[in-house]
Amino acid sequence: MTTTPRLALPLIEAAQAQKHVTHNEALARLDAEVQLAVADRDLAAPPSSPVDGEQWLVAAGATGAWSGRSGTIAARRDGAWIFLAPAAGWLCWVSDEARLLVHDGTLWRDFADTAGLMRTGALADGTLDRLGVSATPDATNRLAVRSDAVLFAADDTGGSGSIHATLNKAAGAHDAALVFETAWSARALVGLLGGDDFALKVSPDGSAWTEAIRVAAATGRLTLPPGGLAGGGRLLASRFLTASGTWTRPTGVRLVMVFALGAGGGGGGAAGGATTGAAGGGGGAGGLSLALLDVSSIASRTVTIGTGGVGGTSSGGDGGSGGTTAFGSDVVALGGSGGKGMGAGTWGTAVTGGLGGTTSAGDTGFVGAPGDAGLRFDGGNVVSGSGAASFFGGGARGNVGTVAGGAGSARGGGGSGGSVALSASGSAGGAGADGLLWIWEFE
């Protein structure tokens, strides 16, 4: 039988008998194919009670009377099934889904998706599955926009006049972030990244990430990583160094403020005499030197902490000078001098306290305070010299009677002199306190 090339409709042959049969078959097929509509496209087996005129799009895995007819149109006509093989461009309305399909020559596809149209059904409740503006949305990027600029403006004609953009994540461990990319490779992330703190991260390649800023959700405190400020200036650490050794520059440190304090001098000793007295002078305080240094090009510096001067002997010896404290050769503070010792005697006299230490290197220097003089009014009335207080205080207090000198109690403080009143036993002076380096490290 000859058929038409597109719809395969049977043609009446010349001198054909029972022409009405061929004609009616062609009409039946036209009735099925023109304005094509089906009840459902999810059935793989024929319904139990089909009605003439009903049609179905046969689903995959067809069985029973539909076996081998997947993808075709099954039409019920005169109590039997006829099957229509679709061709590219056929349109089919699926009634139970209110959806229009188009055949691409192989498969039935959603017409709206294929043609890039918006489904009116999707707008019934004011929502869309996807939306693209000069760009193609997908399952991940359901809203896609390709434009030189995007404008969001507050409603100032009846709205509040304010505008807010909200990014909400499902739980704290997820991200709520803005992603900035170059050639589709991420370079910066800003938002709530894996927690509730606000953070900014940057990357040179989209793979390795460095956190640049973090603001704690609980306290609002801002933290930066070492070297976070390109120009420097943030204080990273403050260190007290009390033992000689080596300072090694920590990563990210560019500047240091160094406070160098020399050691305190020892107090002078007082010689004994059963009928006489003596009083040693107090030790001087260590000098203080300050300097702001750029250490970005050095790896380390030798640190020297000055040792406190020894106290003068009980035979009236002078106190020893305090040692020098130094940060390499950049910052140097000398120790205080020792107080003078005093021999036994009965008449009034005095010995000087030690001079304060000076500085020999640094931006600014401060001379340490001198120790007090030792005073003998007569053999039984004596006052030993107090040790000088340093920048941190702590000079040892002077004494009356027969008392050994006290040691400096704060870094850089001088020791006090020994004192003897009508005693054959002499009194040694007190030792000075050791020096100190105080280093502030800045990025």
Of the residues in region 128-157 that are open to solvent by less than 70 Å² (accessible area, probe 1.4 Å) and farther than 24 Å from residue 184 by Cβ, the one that is modelled with the highest pLDDT is 154
Checked pairs for region 137-150, first free of Cβ contacts under 8 Å to residues at least 60 places away in the same chain, second among the acidic types (Asp, Glu) and open to solvent by less than 70 Å² (accessible area, probe 1.4 Å), C-beta under 9 Å and 6 or more apart or across chains, list as 144/138
* Examine region 293-311 for a residue that is among the charged types (D, E, K, R), buried (at least 24 other Cβ atoms within 10 Å of the Cβ) and either modelled with pLDDT of 95 or more or under 18 Å from residue 359 (Cα atoms) (or both), and state whether such a residue exists. => no
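Is at least one residue of region 409-418 surrounded by 20 or more Cβ atoms within 10 Å (Cβ to Cβ) and hydrophobic (A, V, I, L, M, F, W, C)?
Within region 409-418, the first condition is being surrounded by 20 or more Cβ atoms within 10 Å (Cβ to Cβ), and the residues that meet it are 411-418.
After this cut, where a residue has to be hydrophobic (A, V, I, L, M, F, W, C) as well, the list is none.
Within region 409-418, not a single residue is surrounded by 20 or more Cβ atoms within 10 Å (Cβ to Cβ) and hydrophobic (A, V, I, L, M, F, W, C).
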Condition set under 57 Å from the mean Cα position of the chain (by Cα) and part of a loop (DSSP other than H, G, I, E, B), scope region 419-443, selection surrounded by the fewest Cβ atoms within 10 Å (Cβ to Cβ): answer is 443
The lone condition residue 325 fails out of (1) under 14 Å from residue 267 (Cβ atoms); (2) open to solvent by less than 50 Å² (accessible area, probe 1.4 Å); (3) of a type in the set (Ser, Thr, Tyr) is (1)
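Looking at the structure I just gave you, is residue 335 open to solvent by less than 10 Å² (accessible area, probe 1.4 Å) and not in a strand (DSSP E or B)?
Values: open to solvent by less than 10 Å² (accessible area, probe 1.4 Å): no; not in a strand (DSSP E or B): yes.
Answer is no for this residue.
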Residue 281: passes all of (1) part of a strand (DSSP E or B); (2) in contact with a Lys or Arg (Cβ under 6 Å, 6 or more places away or on another chain); (3) small (Gly, Ala, Ser) but (1)
Of the residues in region 245-254, those that are surrounded by fewer than 16 Cβ atoms within 10 Å (Cβ to Cβ) and under 13 Å from residue 325 (Cβ atoms) come to 245
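Kindly check whether there is at least one residue in region 410-417 that is without any contact (Cβ under 8 Å) to a residue 40 or more places away in the chain and not in a strand (DSSP E or B).
Filtering region 410-417 down to residues without any contact (Cβ under 8 Å) to a residue 40 or more places away in the chain leaves 410.
Among the residues that remain, those that are also not in a strand (DSSP E or B) are: 410.
Yes, some residue in region 410-417 is without any contact (Cβ under 8 Å) to a residue 40 or more places away in the chain and not in a strand (DSSP E or B).
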Practice task
Output yes when any residue across region 48-56 is open to solvent by less than 60 Å² (accessible area, probe 1.4 Å), farther than 30 Å from residue 149 by Cα and at pLDDT below 85, and no when none is.
Solution key: yes
Those residues of region 172-209 that are of a type in the set (Phe, Trp, Tyr), touching a strand residue (DSSP E or B) at 6+ places or on another chain (Cβ under 6 Å) and either closer than 14 Å to residue 225 by Cβ or part of a loop (DSSP other than H, G, I, E, B) (or both) come to a total of 1
- request: Check whether at least one residue in region 210-230 is closer than 30 Å to residue 305 by Cα, in a loop (DSSP other than H, G, I, E, B) and either at pLDDT 95 or above or open to solvent by less than 80 Å² (accessible area, probe 1.4 Å) (or both), and report yes or no.
  value: yes
Those residues of region 61-110 that are surrounded by fewer than 16 Cβ atoms within 10 Å (Cβ to Cβ) and in a helix (DSSP H, G or I) come to a total of 2
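The values are calculated or read from the model by the stated rules, or taken from the named source; none is laboratory data. Note that the structure is a prediction, hence the values are computed from the model and not measured. Using ideal geometry, Cβ is built from the backbone for each residue, glycine included, and neighbour counts are taken over all protein chains shown. The area values use the complete protein model at the heavy-atom level, side chains included, leaving out ligands, DNA and RNA. Shrake-Rupley method; radii C 1.70, N 1.55, O 1.52, S 1.80 Å.
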